[in-house]
Amino acid sequence: MCAHCHGFVCTESGLSCVQNRNHCPYCLWSRHLDLYVAGDRLSACKSLMQPIGLTIKHTRKKYGPGRGELMLIHSCKECNNLSINRIAADDDLQNIFTAFEGSFQIAKATYDCLESGGIRLLDEAEAPLVRRQLFGNETRLAEILFQDSLIETV
């Protein structure tokens, strides 16, 4: 169960397509569980971590060029630790985009901590890239938004 929104969080990797589920697929909040590497669950903190934006993690492919993987940035509410986390297949895409938009107002101190930690926060100029990676082409995004507005009015 999510400690932030109290939604049910399934840890089955077959649904999320990630090995170590570390955030809620609905509100995207996480817990400060890992200390050294993803999945080690050695952190003593255990506090809530807020999604504060997106970054790109560049992966190296054995065959062909590497590509950028969209990643969530979380900030611990207790110790201010920053981490990047894979987006899971069952994550709420609209909430990911909302976290991206919210990062445009991020505090300078947080921005400086991200930079010093080697994490590059995506900015407004990269909105088309983020939309494309989350929703596919613009036509598909319009269909999704249109369907959502129909559901709300019914």
> What's the exposure ranking of Ser13, Ser47, going from fewest to most Cβ atoms within 10 Å?
Replying inline: Ser13, Ser47
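If we count other beta carbons within 10 Å of each Cβ, what is the order of Leu28, Leu114, Leu42, fewest first?
On the way: Leu28 25, Leu114 21, Leu42 10.
Exposure proxy ranking, most exposed first: Leu42, Leu114, Leu28.
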>> Using a 10 Å cut-off around each Cβ, can you sort Arg131, Arg21 from fewest to most neighbouring Cβ atoms?
In response: Arg131, Arg21
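Readers should treat all values here as calculations from the given coordinates under stated rules, not as data from a laboratory. Nothing here was measured: the structure is a model prediction, and the numbers come from that model. All Cβ positions, glycine included, derive from the backbone under ideal geometry; neighbour counts span all protein chains shown.
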